[in-house]
1. Work out, step by step, the length gained on full extension between A:Glu89 and A:Thr101: first 0.36 nm times the residue separation, then minus their alpha carbon distance; give nm to one decimal.
2. Using only the heavy atoms of the protein chains and a 1.4 Å probe, how would A:Lys8, B:Lys31, A:Lys138 rank by accessible area, largest first?
3. Identify all aspartates and glutamates with a Cα-Cα distance to B:Lys43 below 13 Å; exclude those on the same chain that are fewer than 8 residues away in sequence.
4. Please name which of A:Thr44, B:Ser82, A:Gln74 has its Cα lying farthest along the dipole of the protein assembly as shown towards the positive end, using unit charges on Cβ (Lys, Arg +1; Asp, Glu -1) and the Cα centre as origin.
5. Could you work out the relative contact order of region A:55-118? I mean the mean sequence separation of Cα pairs under 8 Å and 6+ apart, divided by the number of residues, in percent.
6. Using protein heavy atoms only (no ligands, DNA or RNA), what is the total accessible area buried between B and A, 1.4 Å probe, nearest 100 Å²?
7. Which shape class applies to chain B: rounded if a/c is under 1.5, otherwise prolate when a/b exceeds b/c and oblate if not, where a ≥ b ≥ c are the square roots of the Cα gyration tensor eigenvalues?
8. Once you average over the residues of A:37-49, how many Cβ atoms of partner chains fall within 10 Å of each Cβ?
Amino acid sequence: MKAINEMKLTVPSRSANEGFARAAVAAFIAPLDPTIGELADIKTAVSEAVTNCIVHAYRDGIGVIYIQAKILEQGRVVIRVRDTGCGIEDVKKAMEPLFTTCENGERAGLGFAVMESFMDKLRVSSRPGRGTTVTMEKTILSKGA
Amino acid sequence: MDVQLTVEEETMTAFLSGEIDHHGAGEIRRKIDEMAQRVRPQKMILDFGGVTFMDSSGIGLVMGRYRLLQSFGGALCLRHVSSPLKKVMRLAGLDRIAQIEDTRPGEKQEGKRS
């Protein structure tokens, strides 16, 4: 499907960029006139994906986070968050609610559960040592419909 | 994001404001725990009235404070939780470990305390 509009954003994996990334994506989809709930869902999902890059993928240093968002026809929004970090050994296990490899940071282990439940579609592909790509989709329903 | 702390008798209240994410959660946690360990409150209220955004870092924040309170027999209460925040909290089942006080219809949400 042809994209009506698209954006790319590249940021270093510093935690200050969590807020910037979700605000940038929110501003990008603003022309679709999302409801407060839809906007909160997308911001939360982006925040989880970007935080995963910072906390997990680049846990030992600073790497680059690649964020891409597309607006397709009929209010479909596709967001991709990619890193070239450590990768995930077992994606299925990583996606289980409450599973976390973080032992000291009070992480709830709910990042993927939030993305999955707040977006319409979630796809995670990863290669250990090469990085992870998270692709999420959500249709913004027209307020007038 | 910011936190203002008050203690009244056995109750400690943390008025949270701004956006709760991984970036800011550590500092908030440190401030709350520092006071909680000193006063060992019977009840802790986390007031989300001024919170404009929260991701699963907020879940970690709530669960961690719940465990701390439990360690000295205190209870945790969540107040002024807006509906997007409630959606995140329900996903984690926080309504099972802490009382979520609903804002009554017509009641003005308490914002940031100066």
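1. 3.2 nm
2. A:Lys8, B:Lys31, A:Lys138
3. List returned: B:Glu8, B:Glu9, B:Glu10.
4. Value computed over the given set: A:Gln74.
5. 23 percent
6. Interface area, both chains combined: 1800 Å², rounded to the nearest 100.
7. Rounded, because the longest to shortest axis ratio a/c is under 1.5.
8. 4
The values are calculated or read from the model by the stated rules, or taken from the named source; none is laboratory data. Small disclaimer: the values here were computed from a predicted structure and weren't measured. Reconstructed Cβ throughout: ideal geometry from the backbone, glycine too, with neighbour counts over all protein chains shown. Heads up: the accessible areas ignore ligands, DNA and RNA and are worked out on the full protein's heavy atoms, side chains in. Shrake-Rupley method; radii C 1.70, N 1.55, O 1.52, S 1.80 Å.
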